[in-house]
1. Step by step: first the residues of segment B:34-57, then only those that are free of Cβ contacts under 8 Å to residues at least 24 places away in the same chain and within 22 Å of residue A:9 (Cβ to Cβ), then the one that is surrounded by the fewest Cβ atoms within 10 Å (Cβ to Cβ). Which residue is that?
2. Restricting to segment B:15-40, name every residue that is assigned to a helix (DSSP H, G or I) and out of contact with any helix residue (DSSP H, G or I) (no Cβ under 7 Å at 6 or more places or on another chain).
3. Any residue that is within 21 Å of residue A:60 (Cα to Cα) and either touching a helix residue (DSSP H, G or I) at 6+ places or on another chain (Cβ under 8 Å) or at pLDDT below 80 (or both) - is there at least one of those in segment A:172-179?
4. Answer yes or no: is there a residue in segment A:33-40 that is surrounded by 14 or more Cβ atoms within 10 Å (Cβ to Cβ), within 26 Å of residue A:144 (Cβ to Cβ), more than 10 Å from chain B (Cβ to nearest Cβ) and within 12 Å of the chain's Cα centre (by Cα).
5. Scan segment A:134-156 for residues that are closer than 28 Å to residue A:50 by Cβ and surrounded by fewer than 14 Cβ atoms within 10 Å (Cβ to Cβ) and jot them down.
6. Counting just the residues of segment A:80-100 that are over 17 Å from residue A:30 (Cβ atoms) and loosely packed, with under 10 Cβ neighbours inside 10 Å, which one comes out nearest to the chain's Cα centre (by Cα)?
């Protein structure tokens with residue numbers, strides 16, 4: 001019980017930092033700082049996922065959010081300006097009302113969710129526990145999510161990988177691999 | 001002992017917050033690059049202390065992945081600002097420079 005009480009304060013610290021980063025992303029004009037803050041946001045949220053014991057999600061978030069998308073955002077920034085235009089002073093009250101209503105609806109739904117660790121919750125009551133029981137004997141992988149992804153539905157994951165690989169290959173064949181010299185550079189040198 | 005580990009984790013979180021302040025304030029680009037790199041390092045440390053605190057080993061894998069990603073992201077950012085492009089490999093860039101005779105001066 002002791003460490004539960006303690007790690008909850010670390011969660012609060014992480015969430016407070018997430019909130020600060022979110023506001024900074026909205027407020028800052030310097031797009032480069034915003035790109036780096038999105039990377040920081042994803043690092044922070046992945047650390048929070050680890051503390052919530054969702055290591056797989058944290059792994060994906062770290063690889064995709066902090067790794068690839070930071071580089072992609074930098075590449076996108078190459079095509080635009082360095083500073084964003086100042087937002088107009090006009091306030092969009094209708095948008096604020098919609099967001100507030102959606103937030104209120106989410107808070108209203110919170111009491112309907114099962115308590116954390118509730119044995120009768122849908123996640124714990126149906127086939128999930130069956131996988132928990134059988135995985136150590138059938139697969140022998142410590143992480144049940146990995147066992148489900150890579151073994152129980154291995155063909156499905158394999159098919160997804162093939163689809164994504166084909167898509168990436170098609171995009172690269174259509175747009176080029178990016179190693180050739182660009183035409184404007186060659187004109188400059190000629 | 002647990003309380004000591006918790007205090008260490010809290011200290012690392014405070015260091016992360018300080019780095020965040022530097023990242024918000026800037027003012028130059030290199031302040032931000034350094035702050036982000038240092039923030040990533042502190043995230044790795046935080047995860048390691050956290051895994052010691054709760055006694056789970058799998059967070060260490062995440063910490064290793066973070067260390068790698070942090071390195072790649074920093075290299076990508078610096079490359080972006082040195083060459084204004086992410087398209088061409090660094091090795092080819094220096095090769096082209098050498099062929100264009102920029103190093104002869």
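The values are calculated or read from the model by the stated rules, or taken from the named source; none is laboratory data. Computed from a prediction, not measured in an experiment: that's the story for all the values here. Here the Cβ is made from the backbone with ideal geometry for all residues, glycine too, and neighbour counts use every protein chain on show.
1. Of all residues in segment B:34-57, those free of Cβ contacts under 8 Å to residues at least 24 places away in the same chain come to B:34-35, B:38-39, B:47-48, B:51, B:54-57.
Next, from what is left, pick out any that are within 22 Å of residue A:9 (Cβ to Cβ): B:39, B:47-48, B:51, B:54-56.
Details: B:39: 24, B:47: 28, B:48: 19, B:51: 19, B:54: 17, B:55: 9, B:56: 14.
Applying the filter and picking the extreme gives B:55.
2. Within segment B:15-40, B:18, B:21, B:25, B:30, B:34 meet the criteria.
3. No; the residues of segment A:172-179 include none that is within 21 Å of residue A:60 (Cα to Cα) and either touching a helix residue (DSSP H, G or I) at 6+ places or on another chain (Cβ under 8 Å) or at pLDDT below 80 (or both).
4. Within segment A:33-40, not a single residue is surrounded by 14 or more Cβ atoms within 10 Å (Cβ to Cβ), within 26 Å of residue A:144 (Cβ to Cβ), more than 10 Å from chain B (Cβ to nearest Cβ) and within 12 Å of the chain's Cα centre (by Cα).
5. Restricting attention to segment A:134-156, the residues satisfying the condition of being closer than 28 Å to residue A:50 by Cβ are A:134-154, A:156.
Those that are closer than 28 Å to residue A:50 by Cβ and surrounded by fewer than 14 Cβ atoms within 10 Å (Cβ to Cβ): A:134, A:136, A:137, A:138, A:140, A:142, A:153, A:154, A:156.
6. Step one: of segment A:80-100, the residues over 17 Å from residue A:30 (Cβ atoms) are A:88-100.
If we keep only those that are loosely packed, with under 10 Cβ neighbours inside 10 Å as well, we get A:88-91, A:93-95.
Numbers: A:88: 30, A:89: 31, A:90: 32, A:91: 30, A:93: 29, A:94: 29, A:95: 25 Å.
Per the criteria, the residue is A:95.
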